[in-house]
Amino acid sequence: MKRGWRSGERGVGKALRGRGNDAVTQRPNQRWSMDFVADSIATGRRFRALAIVDDYSRECPVIEVDTSLGGARVVECAGEAS
């Protein structure tokens, strides 16, 4: 049995097909992306990392790592990035 994975066929979600009207950034500091990553160390203790990336230059000026990252801390990190 062969499955098709091209756009419009089985198994390809909207995210992989594209969103259509995404604005293209023309300069740095115009649009930012945030990503959370969670993992654990060998002892089993969990931690989270927040990365803030400039979509134009692909620079990552802020990576915040801690066992807990609340909303106030995320806002503080976003302010540091700009």
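Residues of the range 34-63 being within 13 Å of the chain's Cα centre (by Cα) and surrounded by fewer than 10 Cβ atoms within 10 Å (Cβ to Cβ), which ones?
If the condition is that a residue be within 13 Å of the chain's Cα centre (by Cα) and surrounded by fewer than 10 Cβ atoms within 10 Å (Cβ to Cβ), then Ala38, Arg58 are the ones that fit.
Within the range 42-67, how many residues are more than 23 Å from Ala23 (Cβ to Cβ) and touching a strand residue (DSSP E or B) at 6+ places or on another chain (Cβ under 7 Å)?
Qualifying residue count, the range 42-67: 10.
Within the range 64-82, track down each residue that is modelled with pLDDT under 90, of a type in the set (Ser, Thr, Tyr) and either surrounded by 12 or more Cβ atoms within 10 Å (Cβ to Cβ) or farther than 22 Å from Asp54 by Cβ (or both).
none
Which of the residues spanning the range 28-46 are of a type outside the set (Gly, Ala, Ser) and either touching a Gly at 6+ places or on another chain (Cβ under 8 Å) or closer than 18 Å to Glu76 by Cβ (or both)?
Those that are of a type outside the set (Gly, Ala, Ser) and either touching a Gly at 6+ places or on another chain (Cβ under 8 Å) or closer than 18 Å to Glu76 by Cβ (or both): Asn29, Trp32, Met34, Asp35, Phe36.
Being exposed (fewer than 12 other Cβ atoms within 10 Å of the Cβ) and either at pLDDT 90 or above or not small (Gly, Ala, Ser) (or both) is the requirement here; does Arg31 meet it?
Against the criterion (exposed (fewer than 12 other Cβ atoms within 10 Å of the Cβ) and either at pLDDT 90 or above or not small (Gly, Ala, Ser) (or both)), Arg31 does not qualify.
The values are calculated or read from the model by the stated rules, or taken from the named source; none is laboratory data. In this text the structure is predicted, and so the values were computed from the model without any measurement. Note that we place each Cβ from the backbone using ideal geometry, even for glycine, and neighbour counts take in every protein chain shown.
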